[in-house]
Amino acid sequence: MSGISFVLNGVPVISRSEASCRMLDVLRDEFQLTGVKCGCGEGECGACCVLLDGLLVNSCLLPIGRIEGMQVTTIEGFSKTKRFDVLSRAFDACGAVQCGFCTPGMLLASEALLSHNQDPSEAEIREGLSGNFCRCTGYGMIVEAIQMAAAQNKTGEAGGLW
Amino acid sequence: MVKRPTSLRQALLFLQEENTAPVAGCTDFMLGSRAREPVFLDRIVELSQVAHDGSGLSIGSGCTFTALQSMEIPSALRDAARQIASPAIRNIATIGGNICNASPAGDTLPVLYALDASVELKSLQGTRIMPIQAFITGRKKTAIEKGELLTRVVIPDFTGIQWFRKVSARRAQALSKCTIAACLQVEEGTIRDFRVAFGAVGLTVVRSIETETLLRNQSIAEAKRIVPELLSAYSTLLSPIDDARSTAEYRRRVCVALLGDFLARNL
């Protein structure tokens with residue numbers, strides 16, 4: 001079996017899974033990256049979010065063959081970046097993490113949002129997070145955390161990362 | 001070996017093989033039986049082109065809903081695409097997939113019916129074009145044949161008012177209870193064109209050209225007088241069902257009310 005090559009958190013890898021296998025399962029089982037969660041298995045909750053060539057996607061809805069040759073960033077990879085440092089401090093400061101189940105997806109959705117829109121309004125933040133469910137926080141604190149990160153980015157406190 | 005062609009021809013050759021299925025964003029494929037071998041279309045550049053040729057707009061079937069947001073497309077189609085699912089799904093799901101899945105609740109469909117869209121189908125044997133209402137034949141059924149790919153949606157220009165509303169339980173990640181796409185063109189106080197299509201209230205989109213003629217060529221004053229009769233005609237015409245998302249009565253009443261609202265604002 002020749003395998004399916006892609007770049008995972010900056011590292012070229014080869015999956016031995018079948019083309020139709022769910023990316024979520026390949027990441028968790030074959031590559032032992034358990035930051036992606038199966039919350040619903042049907043693209044409704046966002047707990048399985050990753051970045052695919054920089055775009056937010058649900059890994060439960062992608063067969064591994066579909067991502068051949070592409071760049072995948074999971075929360076494990078994103079957690080090594082300065083942007084993650086800013087976001088995670090903001091999440092911490094605002095109380096945006098309770099059980100933590102939605103958090104990897106929320107952080108990647110935040111990153112995807114700020115990458116495309118450095119100064120989002122509250123409505124734009126909520127729209128950017130509209131594919132990510134949280135059962136604990138009621139979303140308000142997560143929105144504040146993103147606002148905090150965006151404000152820090154604007155003032156240069158965050159070093160103009162976005 | 002992963003079947004992920006970079007050319008249309010290679011895709012069509014793959015699709016000749018037994019037990020293959022064309023897929024693009026995969027958001028519907030992954031929820032289905034996944035029994036067939038996927039032929040991934042996302043690398044075929046010609047399927048994601050948007051071009052205007054003077055009389056109409058051609059939208060490649062591989063265009064994702066996110067990509068469409070930054071293109072010059074009809075405003076009603078933009079409104080429909082913008083409200084589908086979530087950012088993560090819009091980033092990979094395509095207009096071609098929305099059409100070929102032919103869900104009764106597909107959000108782009110009433111807009112495409114109201115704008116008189118056609119679809120282009122290609123196979124190794126040739127090309128055919130058909131109106132979307134002929135292409136979608138039933139609930140999740142289309143006229144696509146083995147070895148064929150939907151390559152483009154063609155939308156004739158419409159210069160009047162166009163409008164789309166989606167009614168659903170949430171503002172995101174919600175399958176529609178009902179949808180309405182309406183178009184109105186008024187010239188010198190006379191209604192030149194009126195079209196309305198309803199989604200999620202039948203096995204396929206409901207559009208009645210016969211009922212639309214009630215308003216065509218009427219003066220605005222006369223049209224306003226006819227509106228109650230028109231709304232009554234649609235109330236009779238629509239026969240939605242009760243299901244997990246909504247009731248027949250709610251769907252009928254809301255559709256008629258939305259049409260009345262559209263006409264009240266624009267006549």
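The values are calculated or read from the model by the stated rules, or taken from the named source; none is laboratory data. Keep in mind that this is a model prediction, so the values were computed, not measured. Virtual Cβ from ideal backbone geometry, glycine too; neighbours counted across all protein chains shown. SASA here: full protein model, heavy atoms, side chains in, ligands and nucleic acids out. Shrake-Rupley method; radii C 1.70, N 1.55, O 1.52, S 1.80 Å.
Here are the numbers for this structure:
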item	result
All positions within region B:242-256 that are over 22 Å from the mean Cα position of the chain (by Cα), among the acidic types (Asp, Glu) and in a loop (DSSP other than H, G, I, E, B)	B:Asp242
Strands (runs of 3 or more DSSP E) within region B:24-69 that include 1 or more residues closer than 17 Å to B:Thr6 by Cα and more than 10 Å from every other protein chain (Cβ to nearest Cβ)	B:56-60
Region A:124-144 residues that are within 14 Å of chain B (Cβ to nearest Cβ), paired with ones that are among the charged types (D, E, K, R) and open to solvent by 80 Å² or more (accessible area, probe 1.4 Å) (beta carbon under 8 Å, 6 or more apart)	A:Ser130/B:Arg171; A:Tyr139/A:Arg126
Where A:Ala96 falls short, out of the listed (1) in contact with a Leu (Cβ under 9 Å, 6 or more places away or on another chain); (2) more than 9 Å from chain B (Cβ to nearest Cβ); (3) surrounded by 24 or more Cβ atoms within 10 Å (Cβ to Cβ); (4) under 19 Å from A:Ile146 (Cβ atoms)	(1)
Those residues of region A:31-68 which are at the interface with chain B (Cβ under 8 Å from one of its Cβ atoms), assigned to a loop (DSSP other than H, G, I, E, B) and within 17 Å of B:Arg43 (Cα to Cα), in sequence order	A:Leu62, A:Glu68
From the options B:Arg82, B:Arg78, B:Arg36, residue that is under 15 Å from A:Pro63 (Cα atoms) and basic (Lys, Arg)	B:Arg36
Positions within region B:1-23 being more than 9 Å from every other protein chain (Cβ to nearest Cβ) and assigned to a loop (DSSP other than H, G, I, E, B), in sequence order	B:Pro5, B:Thr6, B:Ser7, B:Gln16, B:Glu17, B:Glu18, B:Asn19
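Rundown of residues vs (1) without any contact (Cβ under 8 Å) to a residue 40 or more places away in the chain; (2) closer than 30 Å to B:Arg43 by Cβ, yes/no style:
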residue	(1), (2)
B:Gln162	no, no
B:Arg165	no, no
B:Ala172	no, yes
B:Ser176	no, no
B:Gly189	yes, no
B:Ser219	yes, no
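This table checks each residue for (1) among the hydrophobic types (A, V, I, L, M, F, W, C); (2) more than 13 Å from the chain's Cα centre (by Cα); (3) open to solvent by less than 10 Å² (accessible area, probe 1.4 Å).
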residue	(1), (2), (3)
B:Leu77	yes, no, yes
B:Pro104	no, no, no
B:Ala117	yes, no, yes
B:Ala143	yes, yes, no
